[in-house]
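**Q** So that we are looking at the same thing, I have put the structure below in structure tokens.
The values are calculated or read from the model by the stated rules, or taken from the named source; none is laboratory data. Please read all numbers here as calculations on a predicted model, not as lab measurements. Positions of Cβ are backbone-derived with ideal geometry, glycine not excepted, and every protein chain shown enters the neighbour counts.
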Amino acid sequence: MSTEQFRPRSSKTMAIVLYSTAALGLLLICFSGLVIRDILLSIPLLLLLGYCGYWLFWLPTVMVTKDGTTIVNPVRTISVPWQALRSLETKYSMTLLTESGKYSAWAAPSPGPMSRKSAETEVVQAVRASWAAARKENNSAPPAGTETPVGAVVQSRVNWLQLGVALGLIAATAFCFLLVR
């Protein structure tokens with residue numbers, strides 16, 4: 001089984017809208033006849049806007065493999081092997097429940113108000129199907145109340161690069177606005 005990646009269509013749309021707005025803004029300020037000082041003050045804000053499109057809407061992903069699922073959120077990336085997964089909630093977003101905690105996915109929102117209450121999103125269906133196949137194949141789900149099998153450790157890491165870029169752009173924008181005073 002290859003890796004399946006999931007992002008909501010609305011997130012892709014929002015990312016493209018923010019990219020387009022930032023690009024259009026950059027074009028407009030470059031050809032608007034503004035003085036170079038005003039152009040340089042506007043660039044960090046537009047870059048931040050475009051980066052937010054990537055960071056908040058394009059980056060969040062849920063990847064499903066034969067070994068487990070990986071949730072990529074703006075701040076953290078969490079890898080959950082099937083053996084560590086205990087339950088799956090879908091009240092507000094897809095939330096993986098393990099012995100070490102709860103992990104929500106930005107890229108797997110709950111069905112909208114216009115859909116049926118019992119409807120599941122495509123990503124939740126894929127996670128449930130892969131989890132069931134892994135349990136059937138490996139008999140990996142221990143009985144309730146027993147500990148997680150060895151090797152079934154949830155890995156969580158902070159996305160330092162994305163955070164650094166965002167904080168750098170926020171700092172540059174704030175610095176530019178302070179220069180205007």
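**Q** If a residue counts only when it is in contact with a helix residue (DSSP H, G or I) (Cβ under 7 Å, 6 or more places away or on another chain), which strands (runs of 3 or more DSSP E) contained entirely in the stretch 1-107 have at least 2 such residues?
**A** Filter on the stretch 1-107 gives 4-6, 61-64, 68-72, 85-89, 93-98.
**Q** Something else: When you look at I78, is it closer than 19 Å to V154 by Cβ and in contact with a Lys or Arg (Cβ under 9 Å, 6 or more places away or on another chain), yes or no?
**A** yes
**Q** Let me ask something else. Residue check, V154 against (1) surrounded by 12 or more Cβ atoms within 10 Å (Cβ to Cβ); (2) in the same structural domain as L45 (by TED's automatic domain parsing); (3) at pLDDT 90 or above, all met but one. Which one?
**A** For V154, the exception is condition (2).
**Q** Okay, moving on. Run V75 past the list (1) surrounded by fewer than 18 Cβ atoms within 10 Å (Cβ to Cβ); (2) without any contact (Cβ under 8 Å) to a residue 60 or more places away in the chain and report the number of the one that doesn't hold.
**A** Going through the list (1) surrounded by fewer than 18 Cβ atoms within 10 Å (Cβ to Cβ); (2) without any contact (Cβ under 8 Å) to a residue 60 or more places away in the chain, V75 breaks only (2).
**Q** For the condition outside the structural domain of A126 (by TED's automatic domain parsing) and modelled with pLDDT of 95 or more, what is the one hit in S20, S11?
**A** From the options S20, S11, the qualifying one is S20.
**Q** Out of curiosity, is T65 polar (S, T, N, Q) and in contact (Cβ under 8 Å) with a residue 60 or more places away in the chain?
**A** Against the criterion (polar (S, T, N, Q) and in contact (Cβ under 8 Å) with a residue 60 or more places away in the chain), T65 qualifies.
**Q** Can you tell me which residues in the stretch 63-72 are more than 20 Å from I16 (Cβ to Cβ), crowded, with 19+ Cβ neighbours inside 10 Å and not hydroxyl-bearing (S, T, Y)?
**A** Hits for the stretch 63-72 are V64, G68, I71.
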